[in-house]
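The values are calculated or read from the model by the stated rules, or taken from the named source; none is laboratory data. For clarity, every value in this text was computed on a predicted model and none was experimentally measured. Don't worry about glycine lacking a Cβ; one is built from the backbone with ideal geometry, like all the others, and counts go over all protein chains shown. Protein only, heavy atoms only, side chains kept; ligands, DNA and RNA dropped before computing areas. Shrake-Rupley method; radii C 1.70, N 1.55, O 1.52, S 1.80 Å.
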Amino acid sequence: MSENTSTEGRLLRTRKVRRAQSDRLPFVPYGGAPIIALGLLMAFALWPFAFGVIQLSTERAAAQALADIDAAWARPRVSGQWVTLEGRPPSRQAAEGALAAVREARASTLLGMARPVTRVRDGFDWAGLGETASASSINWSFRVANGVLTLDGDMPNNTVREQVVAAARTEIDPPRIVSVQDSLSITNDPSPDGFLEIALRGVDTVSRCDRGVSGFNTNRFSLSCELPAADAATVRDIALAPVPMGEVGAVDIISREAVDSCESSLSDLLGDARIEFQSSSAVIGAGSASLLDDVAEAVRACPGSLRIAGYTDSTGLAETNRQLSQARAEAVRNALIARGVPQNRLVATGYGDASPVAPNTTAQGRALNRRIEIRVIRVSE
C-alpha cells in the first residue's frame, strides 16, 4: 500500500511494503529433483542389467558348458560373474573337467563371443570320495594369451604371491610374453608344504607356451599348452614330473603344426563344398552325407577339442538368425558324433549373421555367408 504527504511545499511519496511468509519451497530442492530422478533412473537401469543380463548370461554359459561335457552331477551357483560349482563329483578328474569347462565357457555379446565367468570356485561335496574340500581350498590358474601372462586365483599369503609374481615377470620375452597381469587374491591361510614349488612350476610351464593354461584345482596340477612341436617333449617332461603336493592331472600338449594342419584340412573340405540344410531349418540335406564322412575323418585326426561354428546371412531378425545358426551347428555336431567322433571333443556355437565373408547385398554373397566352420579350440579360449 502507499500514501502521499506534503511537507514544506514538497511532495513526498512514501511506499509501505508488507512482507508475507510464502509457503513455496526455495529453489534448491526443485533444482536437485532432476539430478535425483536421473540417479534413480540410472540405478534402475543398471541393476537389472548387472543382475539380469550379465548374471543370466553367466548362468547360461556355465550350464551349457556343463551340459557339453555331460556333467549333470554339477550345479552352478552364480553371483554376478563368479560361479561356485556344487554337487558330488564321481572322481577328481570329473571335478577338474567341470571347473575347467565353466572357466572356459563363452557367451554371445554385442561384440562377439566373450568369456562371462571371471572366477570359478570349488564347492563340491567330497563325502562320496571320502575327502574334504580343505584339500583343495587354495586354487589358481595361470594363462598365456595374446602376449599377456595372467595370474588368477588364490595365494595363501602375500609373501608367496610376491614370489610368484616376480617369477612371472622374469618370463617376459616379447612378442610371446609382453606383460604380466596380477589378479591373485590372498586367503591368509597357512601355506601348504610344496605349494610355492608347484605354483612356480605352473609359471615355468605355461610361460613356455604360445597359448596355455596351467592350474591347480582340487589338489591337482594340470596344463594345457599350444607350442611348436620341437618344444613339446621338454614341456611335457616338466609338467609330468612328480609334484611336492597333490598330484599331476591332465597334461595336454598341442603342437602348433598339428593345429595348422588340422584347420587347413577342414578349411579345404568346407571351402570346396558346403554342408547343405533344408530351407530355413537345421535339417541336413541327404546330399551332404559323403562330405560329413570326410569331415569326421579329418576331425578325428585333429588335436584337442573343436568348435563347430554356424553362420547365416543378414536376412531376417538377428536373434532368429542366431538361433538357426546354433541349431545347424548342433546338427553338424550330432552328425559327427554319429560318425564316431567323441562328443566331449565337439562344441557347437551359433553366431548368426556375425563375421560375414562376403557382402550380404547379393544372392551369391548371402549364400557364402550361410556356412559351417570347424576350428580347433585354442588353449586360451
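Assorted remarks:
- Restricted to the stretch 166-180, and to residues there that are of a type in the set (V, I, T) and surrounded by fewer than 18 Cβ atoms within 10 Å (Cβ to Cβ), the residue that is farthest from A239 (Cα to Cα) is V178.
- Scanning the stretch 355-374 for residues that are closer than 16 Å to G271 by Cβ and basic (K, R) gives R370, R371.
- Residue match in the stretch 188-196 (condition: closer than 19 Å to V379 by Cβ and open to solvent by 10 Å² or more (accessible area, probe 1.4 Å)): no
- Within the stretch 349-371, the residues that satisfy the criterion of being closer than 29 Å to R143 by Cα and touching a helix residue (DSSP H, G or I) at 6+ places or on another chain (Cβ under 7 Å) are T349, G350, Y351.
- Among the conditions (1) open to solvent by 40 Å² or more (accessible area, probe 1.4 Å); (2) in contact (Cβ under 8 Å) with a residue 12 or more places away in the chain, G287 misses just one, which is (2).
- Matching option when the condition is open to solvent by less than 20 Å² (accessible area, probe 1.4 Å) and within 30 Å of D125 (Cβ to Cβ), among L266, L292, L227, L223: L223
- Filtered residues of the stretch 244-266 (kept if in a helix (DSSP H, G or I) and touching a residue at least 60 places away in the same chain (Cβ under 8 Å)): V259, C262, E263, L266
- Of the residues making up the stretch 269-284, those that are outside any loop (DSSP other than H, G, I, E, B) and surrounded by 12 or more Cβ atoms within 10 Å (Cβ to Cβ) are L269, L270, F277, I284.
- With respect to the stated conditions, S183 is open to solvent by 10 Å² or more (accessible area, probe 1.4 Å) and within 17 Å of S214 (Cβ to Cβ).
- Against the conditions (1) closer than 30 Å to R256 by Cα; (2) surrounded by 15 or more Cβ atoms within 10 Å (Cβ to Cβ); (3) at pLDDT below 95, A199 satisfies every one except (3).
- Residue check, D313 of a type outside the set (G, A, S), in contact with a helix residue (DSSP H, G or I) (Cβ under 8 Å, 6 or more places away or on another chain) and farther than 21 Å from E263 by Cα: yes
- Only one of the numbered conditions (1) over 22 Å from A338 (Cβ atoms); (2) at pLDDT 95 or above is not met by S264, and that is (2).
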